[in-house]
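Nothing in this text is a laboratory measurement; each read-out follows from the coordinates by a stated rule. Note that the structure is a prediction, hence the values are computed from the model and not measured. Please note: Cβ atoms are built from the backbone with ideal geometry, for glycine as well, and neighbour counts cover all protein chains shown.
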């Protein structure tokens, strides 16, 4: 993939990288563990995606939308003052500059096109931080689709701005009160709805989780992040690659999309930063790779936070987008292979990362990628040697978190 200037349509490469085996297996992870009711819909979706992704016409239409609607390619920004502060060379892949303010739009536009190809009029989605919900509501408005978004009641409260945006765009937002009332429970409710309405509804999953073909398909739609970044870094670094590529990991779509552009380069170290919450020792975290064990949830086998009886534990993170007790199966396999390393940053470190990037570069990140900045600030000169070149995917902007961060820092609520 080339990295064109704005206005020149991005090019989507049909070559796969790499395709899962069998029914969506990444090593021992992945697969399709769903009620029989959903199997025909998943088979239809896989067949439709394969046909579409190999179609020049489909890729050209998606590329045009990504360029002229979503605002791609997003730039790579060099952080001069942050670099000086940390003793590193820090680059940001600016997914915060897309339409809707995060990487989620890349995947949703692709799935909206598939929804239209399948002749369905209704889309449902789950959302945690609200950015996938906003992106889905945006695409639904653009394509004239009915849209229903499930969101944990806890997240509805802490992401009120995005709830308003979804409703303004014409979507119905359903607060989910069950369980921990966060992302896991929103996915549960979305799957229940889909079972009952599968003939007329497409479930637009927002991350590289769930049953096959979702982890593979969403990665393919998000590959543009890493493919662009690879070429942009080589231009900026005189043909060289970054030493480290960092991205935050909840379900893991922005990270896997970024990693896809660098995974075949053994000299590039891939780092996924999970939610350390209140600290791993407290049990109040979302570090599914660091502390998870193999299991099955939401239709796929991966690493999940579980107790001794195999019951899924509640995850914790002040960032709604990382508050999920599992990780996408391809991440689980990359960890098993040792190709990517998975670390963590606590809530406090994420807030510190948000403040640091804001005051040094005038860029306010979302709490999710602030975890990557916080980890980098902690490890600069330690596990990340001085003088190292680091690319960080800034997966979203911080508008949505302003009230939450303000209350944490000042104890006052924004009016």
Point to revise | Footprinting exposure proxy for 178, 319, 253, 358 (fewest neighbouring C-beta atoms within 10 Å first) | key: 178, 358, 319, 253
Practice item. Would you please state which residues of segment 48-63 a label at residue 99 would reach in this model, taking the label point 7 Å out along Cα→Cβ and a backbone N cut-off of under 18 Å? Key: 58-63
Exercise for review: Choose one answer from 371, 103, 80: the residue with the largest mean-square fluctuation in a GNM of the chain with alpha-carbon springs under 10 Å.
Suggested key: 80
Study note, to complete from the structure: Between the alpha carbon centres of segment 144-178 and segment 182-223 the gap in Å comes to 16 Å
Check your understanding: So for the chain: antiparallel DSSP bridges make up what percent, rounded to the nearest 5?
Key -> 35 percent
Practice item. Please work out whether the chain counts as rounded, prolate or oblate from its C-alpha gyration tensor, where a ≥ b ≥ c are the square roots of the eigenvalues and a/c under 1.5 means rounded, while otherwise a/b larger than b/c means prolate and anything else oblate? Key: rounded
**Study point:** Length released on extending from residue 69 to residue 197, taking residue separation times 0.36 nm less the Cα-Cα span
**Key:** 43.1 nm
Point to revise | Simple spin-label estimate for residue 39 and residue 78 in nanometres, 7 Å along Cα-Cβ | key: 5.6 nm
Review point. What FRET efficiency comes out for the pair residue 157/residue 314, r = Cβ-Cβ distance, R0 = 25 Å, nearest 0.05?
Key: 0.90
Review point. Using a basic spin-label model with each label point 7 Å from the Cα along Cα→Cβ, how many nm lie between residue 28 and residue 402?
Key: 4.8 nm
Review point. Sorted from fewest to most neighbouring beta carbons within 10 Å, what does the list 301, 116 look like?
Key: 116, 301
Exercise for review: Just subtract the alpha-carbon distance of residue 117 and residue 358 from 0.36 nm times their residue separation and send over the number in nm, one decimal.
Suggested key: 82.5 nm
Review point. Among 243, 307, 341, what is the fewest-to-most ranking by other Cβ atoms within 10 Å?
Key: 307, 341, 243
Exercise for review: Mind running the shape call on segment 60-186? Use the C-alpha gyration tensor, a ≥ b ≥ c as the square roots of the eigenvalues: rounded below 1.5 for a/c, prolate if a/b tops b/c, oblate otherwise.
Suggested key: oblate
Review point. Where a ≥ b ≥ c are the square roots of the eigenvalues of the C-alpha gyration tensor, would you call segment 158-255 rounded, which needs a/c under 1.5, or, failing that, prolate if a/b is larger than b/c, or oblate?
Key: prolate
